[in-house]
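The values are calculated or read from the model by the stated rules, or taken from the named source; none is laboratory data. No experiment lies behind these values; they were computed from the predicted model shown. Positions of Cβ are generated from backbone atoms using ideal geometry, with glycine treated the same way; all protein chains shown enter the neighbour counts.
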Amino acid sequence: MTAFESVEYVEPETVPEAVERLADADETRVIASGYSLVPLLKDGIETPDRLIDVSGLNELRGITERGDGVAIGALVTHDEIATDATVAERARALADATDSVGDFQARNRGTIAGNLVFADPKYDAPAAFLALGGRVVTRGPAGGRAIAADDWFRGPGTTALDGNELVTRVEVPSVERSGYARTSEYSGYAVVGVAAAFETDDGVVRSARVAVNGAKPYPVRLPNVERALVDEAVGRVVDGDGATEAATAALDDVETASLLANDAATEEYRRQLVRTYCRQAIERAASEP
């Protein structure tokens, strides 16, 4: 008997039914494309008693304008986000990040919810989501809640999602200027990726959020870069000098931090990559019309 043969497989017809089935079993996992989960099942890392397949729930699909931002259904794929005009206009960093996904299957099958729930350091969307200040909307037995990006990532592979909750959509606000830049390994996954998002007033940055994936085991913000961007000395970042000066502050953010080190990049090399792609992300954001 394989690991899959011992797992109960459920296909709910509605979101309320999916939430109900999540709540009435201890070891339950949600599956959609399976791109992130199936390898863990095969390797025995995840051993659920029940799999709830939500791929047939159309109410979890679609991209819509919502107030001053964009609402993205949990099942929307990277390719759908990367090619959506509304996302490109209102949250370019997320369009950039999803467009960066190099693996064909991941781009066309992987979902935004799966990307944020598994929060793998090789994934691109989490840094953009964090820099844009988005939120994850969930449904559980007690009702719905919205979890801010700053509260979502708890640690390596750990998020604020409760085991009996289902992600229904991801919301990101409209940000005047944002962009994402990364370097990848041979597999197409990111080694380091940086997202920058900021608002300007007469060419001067008045508020900024900058986040990185691939430096640590989970996405983190770069507060020294953010402070440098709103400093009057480098506030006019529409030129390369300002971007370079602000990006140099990234070294202060990662100088004493323990960074990832593996076959893709050493810890010291990642420090330099953070600075390089921080500058590129800022320049990308500053170039947005």
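Looking only at the stretch 14-32, which residues are among the charged types (D, E, K, R) and crowded, with 16+ Cβ neighbours inside 10 Å? Spell out how you get there, then give the answer.
Of the stretch 14-32, the ones among the charged types (D, E, K, R) are 17, 20-21, 24, 26-27, 29.
Of everything in the stretch 14-32, those that are among the charged types (D, E, K, R) and crowded, with 16+ Cβ neighbours inside 10 Å turn out to be ARG21, ARG29.
Entry remark, the stretch 151-191: residues being out of contact with any Leu (no Cβ under 8 Å at 6 or more places or on another chain), of a type outside the set (D, E, K, R) and closer than 20 Å to LEU273 by Cβ number 9 in total.
For the stretch 237-249, state whether one or more residues are at pLDDT below 85, closer than 25 Å to ALA148 by Cβ and buried (at least 22 other Cβ atoms within 10 Å of the Cβ). Yes.
Please work out if ARG270 is within 22 Å of ALA95 (Cα to Cα), at pLDDT 75 or above and either within 20 Å of the chain's Cα centre (by Cα) or part of a loop (DSSP other than H, G, I, E, B) (or both).
Judged against the criteria, ARG270 is not a match.
The rows are residues; the columns are (1) among the aliphatic types (A, V, I, L, M); (2) more than 11 Å from the chain's Cα centre (by Cα); (3) in the same structural domain as PRO223 (by TED's automatic domain parsing); (4) at pLDDT 95 or above.
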position: ASP124; (1), (2), (3), (4): no, no, no, no
position: ARG145; (1), (2), (3), (4): no, yes, no, yes
position: SER184; (1), (2), (3), (4): no, yes, yes, no
position: VAL192; (1), (2), (3), (4): yes, yes, yes, no
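Looking only at residues in the stretch 217-236 that are part of a loop (DSSP other than H, G, I, E, B) and more than 23 Å from LEU94 (Cβ to Cβ), the one that is modelled with the highest pLDDT is ASP231.
On the stretch given as the stretch 63-95, residues that are without any contact (Cβ under 8 Å) to a residue 24 or more places away in the chain, of a type outside the set (D, E, K, R) and surrounded by fewer than 22 Cβ atoms within 10 Å (Cβ to Cβ) total 6. Please state which of the following conditions GLY102 fails to meet, knowing it meets all the rest: (1) surrounded by fewer than 18 Cβ atoms within 10 Å (Cβ to Cβ); (2) out of contact with any strand residue (DSSP E or B) (no Cβ under 9 Å at 6 or more places or on another chain); (3) small (Gly, Ala, Ser). The single condition GLY102 does not satisfy is (2). Can you pull out every residue in the stretch 153-177 that is in a loop (DSSP other than H, G, I, E, B) and either farther than 20 Å from VAL30 by Cα or not assigned by TED's automatic domain parsing to the domain that holds ILE112 (or both)? Once the filter is applied, which keeps residues that are in a loop (DSSP other than H, G, I, E, B) and either farther than 20 Å from VAL30 by Cα or not assigned by TED's automatic domain parsing to the domain that holds ILE112 (or both), the stretch 153-177 yields SER174, VAL175, GLU176.
Would you confirm, using the coordinates I've provided, whether GLY114 is crowded, with 24+ Cβ neighbours inside 10 Å and over 9 Å from the mean Cα position of the chain (by Cα)?
So GLY114 fits the description; yes.
Scanning the stretch 78-124 for residues that are over 20 Å from THR159 (Cβ atoms) and not in a loop (DSSP other than H, G, I, E, B) yields a total of 18. Checked against (1) more than 20 Å from SER55 (Cα to Cα); (2) in the same structural domain as HIS78 (by TED's automatic domain parsing), GLY140 passes all but condition (1).
Of the residues making up the stretch 178-216, those that are assigned to a strand (DSSP E or B) and in contact (Cβ under 8 Å) with a residue 60 or more places away in the chain number 21. Filtering the stretch 192-219 down to residues that are over 17 Å from THR276 (Cα atoms) and of a type in the set (S, T, N, Q), which residue is surrounded by the fewest Cβ atoms within 10 Å (Cβ to Cβ)? Ranking the candidates gives SER207 first.
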